[in-house]
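Step one of this worksheet: look at the structure below.
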Ligand code: DAK
């Protein structure tokens, strides 16, 4: 039984629907656990050849659950070791498709960037708003976005924390296909069905080889994690997250 996702199978395609609509699919820890466990189940199931992750009309996912994170400290984060769960996503060998409608922010954007192919609604919005909460991306965002759009552009987007229109993500090659919002699912399933006719083992080998060329450094992920922890030792983290909960703009002091 899962509380926050629904898993279904359609032919050779395993579909994970993120299902926490009351908070724009904000990813609490249990939800991330459920996603990763289901990904692994599909990855091990020989009948499944392609995996799709989708949200709902309003949001793919609005990031990590701010309410759950607000009282975290570097110590509690280290104890929870949620990073180890995220790391398992990168070990999934089958093609992983993201179908994105609405918002994909913070950890939601990071989940999208962990996918291999991204199909997005023309009005979808991506982004890393962490800076507005007094923290920074922690599940690979600084590494993945920098690889994909280059240093200067990645810094601009992550520093400002503004929402990136799907069209911009498409121009940078982050998004594979842009479609009308009502066609996102159909187009994703069409692409998934096409992939399901290709040789499954060859596709896995190709993914591994392409990932080797992409060369995402563990060293970079480690710096990101260390700094993510450090952000949770600051007053600005408390202020930023408190301000979000109170629906007011934050006032940062730099301490
Ligand atoms: N957390 C908790 N609640 C959230 C939420 C979130 N991220 N996003 C939305 N909600 C809640 C809202 O508080 C609201 O609740 P009620 O007021 O109804 O009780 C409800 O969802 C609907 O949201 P809005 O009323 O705000 O709806 P709007 O359409 O006006 O706006 C929005 C939708 C998605 C643009 C907006 O809600 C928003 O800006 N949300 C916050 C986005 C955000 O800052 N996300 C980044 C969070 S930081 C880690 C891995 C990853 C991460 C951390 C750790 N480890 C491995 C340790 C990632 C960090 C982040 O993602």
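Here are some notes:
- Filtering the stretch 205-212 for residues that are in contact with a helix residue (DSSP H, G or I) (Cβ under 6 Å, 6 or more places away or on another chain), over 22 Å from residue 84 (Cβ atoms) and at pLDDT 95 or above leaves an empty set.
- Checking residue 92 against (1) within 16 Å of the chain's Cα centre (by Cα); (2) at pLDDT 95 or above; (3) surrounded by 17 or more Cβ atoms within 10 Å (Cβ to Cβ); (4) within 16 Å of the ligand (Cβ to nearest atom), the condition it does not meet: (4)
- Residues of the stretch 231-255 that are at positive phi and within 14 Å of the ligand (Cβ to nearest atom): 247 alone.
- When residue 117 is tested against (1) within 29 Å of residue 212 (Cα to Cα); (2) at pLDDT 95 or above; (3) more than 11 Å from the chain's Cα centre (by Cα); (4) within 9 Å of the ligand (Cβ to nearest atom), exactly one condition is not met: (4).
- In the stretch 220-235, residue surrounded by the fewest Cβ atoms within 10 Å (Cβ to Cβ) [restricted to those that are part of a helix (DSSP H, G or I) and in contact with a helix residue (DSSP H, G or I) (Cβ under 8 Å, 6 or more places away or on another chain)]: 230
The rows are residues; the columns are (1) in contact with a helix residue (DSSP H, G or I) (Cβ under 8 Å, 6 or more places away or on another chain); (2) surrounded by 20 or more Cβ atoms within 10 Å (Cβ to Cβ).
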| position | (1), (2) |
| --- | --- |
| 84 | no, no |
| 96 | yes, yes |
| 108 | no, yes |
| 111 | yes, yes |
| 117 | yes, no |
| 124 | yes, yes |
| 135 | yes, yes |
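- Residue under evaluation residue 104, criteria (1) in a loop (DSSP other than H, G, I, E, B); (2) within 12 Å of the ligand (Cβ to nearest atom), criterion not met: (1)
- Extreme residue, nearest to the chain's Cα centre (by Cα), among residues of the stretch 120-135 that are in a loop (DSSP other than H, G, I, E, B) and within 9 Å of the ligand (Cβ to nearest atom): 128
- Verdict on residue 160 being surrounded by fewer than 15 Cβ atoms within 10 Å (Cβ to Cβ), on the phi < 0 side of the Ramachandran plot, within 15 Å of the ligand (Cβ to nearest atom) and over 18 Å from the mean Cα position of the chain (by Cα): yes
- The listed residue being at pLDDT below 95 and over 12 Å from the mean Cα position of the chain (by Cα), out of 19, 81: 81
- Matching residues in the stretch 19-34 - criterion: being assigned to a helix (DSSP H, G or I) and either free of Cβ contacts under 8 Å to residues at least 40 places away in the same chain or in contact with a strand residue (DSSP E or B) (Cβ under 6 Å, 6 or more places away or on another chain) (or both): 21, 22, 30, 31, 34
- Scan of the stretch 39-88 for residues that are assigned to a loop (DSSP other than H, G, I, E, B) and within 15 Å of the ligand (Cβ to nearest atom), ordered by number: 55, 56, 57, 58, 62, 63, 65, 70, 71, 72, 73, 81
- Residue ranges of helices (runs of 4 or more DSSP H) in the stretch 151-219 with at least 2 members within 12 Å of residue 120 (Cβ to Cβ) and in contact (Cβ under 8 Å) with a residue 60 or more places away in the chain: 184-196
The values are calculated or read from the model by the stated rules, or taken from the named source; none is laboratory data. No experiment lies behind these values; they were computed from the predicted model shown. So basically every Cβ, Gly included, is an ideal-geometry build from the backbone, and we count neighbours across all protein chains shown.
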